[in-house]
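Quick notes on the structure that follows.
The values are calculated or read from the model by the stated rules, or taken from the named source; none is laboratory data. This structure is a prediction, so every number in the text was calculated from the model and none was measured. Note that each Cβ is placed from the backbone with ideal geometry, even for glycine, and that neighbours are counted across all protein chains shown.
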Amino acid sequence: MLHRHCLIVTVVAAVSCIARGNTIFVDDDAPPGGDGLSWNTAFRFLQDALADAGSSGGASTEIRIGQGRYQPDRTETDPGGTGSPEVAFRLIDGVALRGGYAVTCPPATGPRSE
């Protein structure tokens, strides 16, 4: 009986992660207006991904970052940046940042492109 309960909990946890989208995608070459749910709809700016992860209530656990240049003063609402040297990236507890993904169209597969 114990094994049956463990299986149910595992399945519920997996479905919960899929429904919430625990991975956020960032690509500096993405078109404007992305939601970060996939490489095809990635955020263009790392600040937007960090803000999304911070407001996810712990549902987002990873941000995958495509190769590129990311500046902390740039967001979707201010793509040209503020120019302020005071702006910084604020990391989110419990959210892993993974970078170096070679984002291609269509998206490549592999350990640093998924």
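I need a count of the residues in segment 34-54 that are over 12 Å from F89 (Cβ atoms) and under 10 Å from the mean Cα position of the chain (by Cα).
8
If I ask for residues that are out of contact with any Ser or Thr (no Cβ under 7 Å at 6 or more places or on another chain), among the hydrophobic types (A, V, I, L, M, F, W, C), crowded, with 20+ Cβ neighbours inside 10 Å and more than 18 Å from G81 (Cβ to Cβ), which ones from segment 23-46 would you list?
Matches in segment 23-46: W39, A42.
List every residue pair whose Cβ atoms sit under 7 Å apart, with the two residues 6 or more apart in sequence or on different chains, where the first one lies in segment 90-107 and is in a loop (DSSP other than H, G, I, E, B) and the second, anywhere, is at pLDDT below 85 and surrounded by fewer than 17 Cβ atoms within 10 Å (Cβ to Cβ).
Taking only residues 6 or more apart or on different chains, the pairs are A102/A108; A102/R112; A102/S113; P107/S113.
Which of the residues that make up segment 51-73 are under 19 Å from S84 (Cβ atoms) and crowded, with 23+ Cβ neighbours inside 10 Å?
Let us first name the residues in segment 51-73 that are under 19 Å from S84 (Cβ atoms), namely 51, 69-73.
Correct list: empty.
Return the total of residues in segment 55-89 being closer than 20 Å to P32 by Cβ, in contact with a strand residue (DSSP E or B) (Cβ under 8 Å, 6 or more places away or on another chain) and in a loop (DSSP other than H, G, I, E, B).
Residues that pass the stated criteria total 3.
Could you pull out the residue among V12, V103, V87 that is surrounded by 13 or more Cβ atoms within 10 Å (Cβ to Cβ), at pLDDT below 95 and among the β-branched types (V, I, T)?
On the way: V12 fails: surrounded by 13 or more Cβ atoms within 10 Å (Cβ to Cβ); V87 fails: at pLDDT below 95.
When all the criteria are applied, what remains is V103.
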